[in-house]
Each structure stands twice: as C-alpha cells, then as structure tokens.
Amino acid sequence: MKIKVITTFLLFCLIAGICYYISLPDYHVRNSMSLSNQGTRDTELTVIVYKYWGIDETIRKIETEHNKINGTPTTLEINLYYSAWLIRYGEKPFKTVVFEYD
C-alpha cells in the first residue's frame, strides 16, 4: 500500500512539473535599455530563455518583436540568461548577440 502511494505521488509530481514546463513561454524580456545620441540609438535587451532548443529561431523572434514594437535601432544587443537568479547575482549571459543596422 505504501509503495502505491509513493509511486502515485511521484507520478503526480512528474506530471505537474511537465505541465508547468509546457506552460512557460519561450523567453521573457526582463529589461530593455536604449541609449540615444545624435543620429544613433543603441538598445540592449536582457532576456531570460526558458526553452533552449531552436535558440537561433528564438533570437530572431526577439529581434523581430523588438523592432516591430520599438522601431529599428542602430545597434541591438541581446543578452541571454538561463534564469533571473543569474541576473540578480551578476553572472554573465550564456550568449550575447549583436545586430548592427545601417
């Protein structure tokens, strides 16, 4: 009887964890900083990535969404982090992508 209860509980925890992970978005833009100067606008995004497969496609989605909402800057720098905890404690991003526009 005890084994059945423990097995059922572990199975429930596993299913709850999978459902939670599926409900997460691909990414979350945590912070956006834009610096403007005479004729230039540099933008830096801090992004938490929850789902890592297809990271190149995710980066393109972030770039497209940012440029659609805010307009195209001179330079767009996207810093990608695994979690908010790493940002809070000053860790470096796992990947940084810079886009230069004319």
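The values are calculated or read from the model by the stated rules, or taken from the named source; none is laboratory data. Keep in mind the model is a prediction, meaning the values are calculated, not measured. Here the Cβ positions follow ideal geometry from the backbone for every residue, glycine too, while neighbour counts run over all protein chains shown. The protein model used for the area step is the full one, side chains on, heavy atoms only, and it has no ligands, DNA or RNA in it. Shrake-Rupley method; radii C 1.70, N 1.55, O 1.52, S 1.80 Å.
Looking at the chain, what % of its DSSP beta bridges pair antiparallel, to the nearest 5? Let's see the in-between values first.
Numbers: 16 of 23 bridges.
Here the share of antiparallel DSSP bridges comes out near 70 percent.
Using the Stokes-Einstein relation with a Kirkwood hydrodynamic radius computed over Cα pairs, the translational diffusion coefficient of the range 12-97 at 4 °C and a viscosity of 1.567 mPa s comes to 91 µm²/s.
With one equal scatterer per alpha carbon and no solvent term, the Debye-computed log10 I(q)/I(0) for the range 1-53 at 0.16 1/Å reads -0.68. The equivalent ellipsoid of the range 51-102 has semi-axes of 22, 13, 10 Å, largest first, where each one is the square root of 5 times an eigenvalue of the Cα gyration tensor. When only DSSP loop residues count, what GluC sites (Glu not before Pro) in the range 36-99 have their Cβ near at most 14 other Cβ atoms within 10 Å? Filter output for the range 36-99: GLU91.
Distance between the modelled labels on LEU11 and ILE55, one decimal in nanometres: 3.6 nm (7 Å Cα→Cβ projection). GNM on the chain, alpha-carbon springs under 10 angstrom: the most fluctuating residue among THR74, THR40, THR58 is THR40. At an R0 of 25 angstrom, the distance between the Cβ atoms of ALA84 and LEU35 translates into a FRET efficiency of 0.60.
Per residue, the accessible area of the chain comes to 74 Å² when a 1.4 Å probe rolls over the protein heavy atoms. Here the accessible area is traced with a 1.4 Å probe on the protein chains. For the range 1-99, carbon and sulfur cover 61 percent of it.
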